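The values are calculated or read from the model by the stated rules, or taken from the named source; none is laboratory data. Quick caveat, the model's predicted, so the values are computed rather than measured. Note: ideal-geometry Cβ built from the backbone for every residue, glycine included; neighbour counts use all protein chains shown. These accessible areas exclude ligands, DNA and RNA; they are computed on the full protein's heavy atoms, side chains included. Shrake-Rupley method; radii C 1.70, N 1.55, O 1.52, S 1.80 Å.
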Amino acid sequence: MQPDDTLLHLEAVQKRFGGLVVLNNIDIAIGANELIGLIGPNGAGKSTLFNVITALYTPTQGRIRFRGRDITGTAPHRICRLGIARTFQLVRTFLTMTAFENIMVGAVYGSGGRVRHATSAAQDALELVGLSAKRDIRTAHMTLSDRRLLEIARAVASSPALLLLDEPMAGLNPTEIQRMVDVIRRVRAEKGVSILWVEHKVDAIMKVCSRVIVLDHGEKIADGTPREIVANRKVIEAYLGEPAA
Amino acid sequence: MLKQALPQRAWTAIAIVAVIALALVPLLPGAVDSYAFSFLFFVFLYAIMAQGWNLVAGFGGQISLGNHAFFGLGAYTTAILWTGNYLWGSLYDSHPDIYYFDPVTMTLGGLVAAVAAIIIGLPLLSKLRGDYFALGTLGFGEIVKVMFINGGDFTGGAFGVVAPAGTFDTLLPHYLVGLGLMAGVGVAIRLLMRSRYGLALIAVRDDEMAASANGIDVLKVKVSAFAGSAFIAGVAGSLYTYYIFHVGPDSVFDLDWMLLPLMMTVVGGTGTLLGPILGALVMYAVFDLAKIVVPDYHPVISGLTIILAMLFLPKGLMRSFAGRARAA
Ligand SMILES: Nc1ncnc2c1ncn2[C@@H]1O[C@H](COP(=O)(O)OP(=O)(O)OP(=O)(O)O)[C@@H](O)[C@H]1O
Ligand SMILES: [Mg+2]
């Protein structure tokens, strides 16, 4: 990866809550149009990493650069406008709005001027995730799977360069999971974004991603191809526990 | 689920016809001097207050308990500008009625309230928790009242300010201005809620974290809704000055100017366009009747009405009729 090709650069990022170190010394570089899986046991710090990148939390140490620019301490809405969009582990859609209105929020407010025609951008995003038929349904009446797709569409409508997905498959059935995989692939192919994808379904990650990062107890313990990851001793220990001495 | 009883267009048509009908009421013989006429004036006044509260609380999800303070600020601004003749100089001598329903004076009443809202809204709304805001605005109301009591000659102390009464022998201008403002505020809020700003306001109400993660400057949206709410309350206070003339701390900073519009909105339907107006009409009728029928039990009866309304119409009149939350 060329240095000028780097989209997001985390440099020695630390996040502490009181005495609890949740992220420690994290270095990650993400290039253009990558699809990266981010895995790790419960409580490893994956969601916290997303919250630090999107400025819901301020890192206690370290720097975050986006396209070479230091964005540490920038407000969350500015981060989105700069081109980092996300979804949430516990889905967060605007429940009293229709599907279309939800996506309009991303297109109108999230794009920081990149989207000229918000309505057609929103329509495109809706089609991309296959929810066109549910355009005028209120989110409160939608299924979990549709809400997760909607959240992705809303993020895509802001025309981001980097998309952070926090467990988009959680709670979905096998059919819905297959659909989600297709959507994630399509978003990457058609929108040219980079995707950092947190998932507990490791098999899906290994199949779809060309690069996988592993967090454990707030440390980055591995970063490589799926083939390298499955053979990594630290990863095996993290997932299977300490080997009996 | 209730079916959508009436489509949105029907509600719009009903609202337009109602406003036209109300505008024609003064033409009926004897109407202007009837009790119903002043009753309707107060319905308009409360409806405007309720719409103001609904903007920040119903659409924006930020529970303000300080709108009576903005009402009072608008009322005082009007009375002080008028009494001191701060605006019109020698024109006032040749046109002694110049301060009556003067758009400049009334707008300034709204602006003073809006500026106050921005000053207290910025610190209170940057806290994440909504109860800070509710309690903070309640405290603000008390502080403003004390400040006006201790304001010396400028605010007239505990007595207040008496505007130089001129030619008030008919309620007709009050009625028409009240009706016009109620309709105007309704149209303005409708346009606002259909604009991009409305999208942001609902997003913030529904989910602040998702709103900011999708590019919305949450603080800006909240503070501006609060300022808009205060502006509306300030203009209502200004209108009240032309009715009451004597603007005193106990009358215009009375908690009722916040509590009654709040109840009216809840009964009519928070977060709907016509709910506050419908609620103002129904609840003001109930309060008024209770006062006439059983003067001693008035607070109990109005309290009971609210409890009954919450029990049987938990979503408010508007939603129960219209079926859809944001239908009208
Ligand atoms: N606001 C907070 N205050 C204190 N501790 C926190 C906070 N947020 C997260 N944590 C702690 O940080 C650790 C990492 O949490 P995080 O949610 O990032 O894990 P995760 O990898 O996303 O886990 P999961 O797979 O279960 O979603 C946990 O121990 C959690 O309790
Ligand atoms: Mg998580």
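Determine how large the accessible area of B:LYS145 is when every protein chain is in place; take a 1.4 Å probe and give Å² rounded to the nearest 10.
About 40 Å², ignoring ligands and nucleic acids.
With heavy atoms of protein chains only and a 1.4 Å probe, what residues of the range A:143-167 have at least 20 Å² less accessible area in the full set of chains than alone?
Flagged in the range A:143-167: A:ARG154.
Starting at the first residue of the range B:78-93, write each ³J(HN,Hα) from the Karplus equation 6.51 cos²θ - 1.76 cosθ + 1.60 with θ = phi - 60°, in whole Hz, x for Gly and Pro.
Working through the residues one at a time gives 5, 5, 6, 4, 6, 4, x, 6, 7, 9, 10, x, 6, 4, 4, 5 Hz.
Could you tell me the distance between the Cα centroids of the range A:103-142 and the range A:178-245, to the nearest Å?
When both Cα centres are located, 29 Å separates them.
Using a basic spin-label model with each label point 7 Å from the Cα along Cα→Cβ, how many nm lie between A:ARG227 and B:ALA285?
7.9 nm
Which value, in Å², gives the accessible area per residue of the protein assembly as shown when a 1.4 Å probe is used on the protein heavy atoms?
On a per-residue basis, 44 Å².
What are the residues of the range A:79-109 that lose 30 Å² or more of accessible area, with a 1.4 Å probe, going from their chain alone to all protein chains?
A:CYS80, A:PHE88, A:ARG92, A:PHE94, A:THR96, A:MET97, A:GLU101, A:VAL105, A:VAL108, A:TYR109
Below 20 Å, Cα to Cα, which lysines can B:LYS222 reach? Residues fewer than 8 away in the same chain don't count.
Those lysines meeting the cut-off are B:LYS127.
Please compute how much accessible surface disappears when B pairs with A, both sides summed, using a 1.4 Å probe, and round it to the nearest 100 Å².
2000 Å²
Residue by residue through the range B:192-205, what is 3J(HN,Hα) from phi via Karplus (6.51 cos²θ - 1.76 cosθ + 1.60, θ = phi - 60°)? Round to whole Hz and write x for glycine and proline.
Computed from phi, the couplings for the range B:192-205 are 4, 6, 8, 8, 4, 4, x, 4, 5, 5, 5, 4, 5, 5 Hz.
Take the cross-link list A:LYS134/A:LYS191; A:LYS15/A:LYS201; A:LYS46/A:LYS234; A:LYS46/A:LYS134 and give me the ones stretching past 20 Å between alpha-carbons.
As for pairs spanning more than 20 Å Cα to Cα, those are A:LYS134/A:LYS191; A:LYS15/A:LYS201; A:LYS46/A:LYS134.
Using θ = phi - 60° and the Karplus relation 6.51 cos²θ - 1.76 cosθ + 1.60, list the HN-Hα couplings for the range B:281-291 in order, rounded to whole Hz, with x at every Gly or Pro.
4, 5, 6, 5, 4, 4, 4, 5, 4, 4, 5
Quick check: pseudo-label points 7 Å beyond the Cα along Cα→Cβ at A:THR6 and B:THR12, how many nm apart are they?
Modelled inter-label distance: 5.4 nm.
Would you check the accessible area of B:ARG190, probe 1.4 Å, heavy atoms only, in square angstrom rounded to 10?
70 Å²
Only Cα pairs within less than 10 Å get springs; with that Gaussian network setup on chain B, which residue of B:ASP296, B:ASP217, B:ASP33 has the largest fluctuation?
Comparing B:ASP296, B:ASP217, B:ASP33 in a Gaussian network model of chain B, the most mobile one is B:ASP296.
Where the accessible area of chain B is counted over protein heavy atoms with a 1.4 Å probe, how much of it, in %, is carbon and sulfur?
72 percent
Between B:ASP169 and A:ALA133, with labels modelled 7 Å along Cα→Cβ, what's the label distance in nm to one decimal, could you check?
7.3 nm
Keeping all protein chains in position, work out how much accessible area A:HIS200 exposes to a 1.4 Å probe, and write it in Å² to the nearest 10.
Rounded to the nearest 10, the figure is 70 Å².
In the range A:29-52, whose amide N lies under 19 Å from the spot 7 Å out along Cα-to-Cβ of A:LEU20? List them in ranges.
A:40-52
Given a 1.4 Å probe and heavy atoms of the protein chains only, how would you sort A:ARG86, B:ARG129, B:ARG9, B:ARG319, largest accessible area at the top?
Descending order: B:ARG9, B:ARG129, B:ARG319, A:ARG86.
Per residue of chain B, what 222 nm ellipticity follows from adding -39500 (n - 2.57) for every DSSP H run with n ≥ 4, rounded to the nearest 500? If you can, show how the numbers build up before the last one.
Numbers: 15 runs with 225 residues, N = 328.
Dividing the helical sum by the residues of chain B leaves -22500 deg cm²/dmol.
Pick out, in residue order, every one of the chymotrypsin sites (Phe, Trp or Tyr not before Pro) in the range B:64-161 that is DSSP loop and has at most 14 other C-beta atoms within 10 Å; say none if there are none.
B:TYR86, B:PHE159
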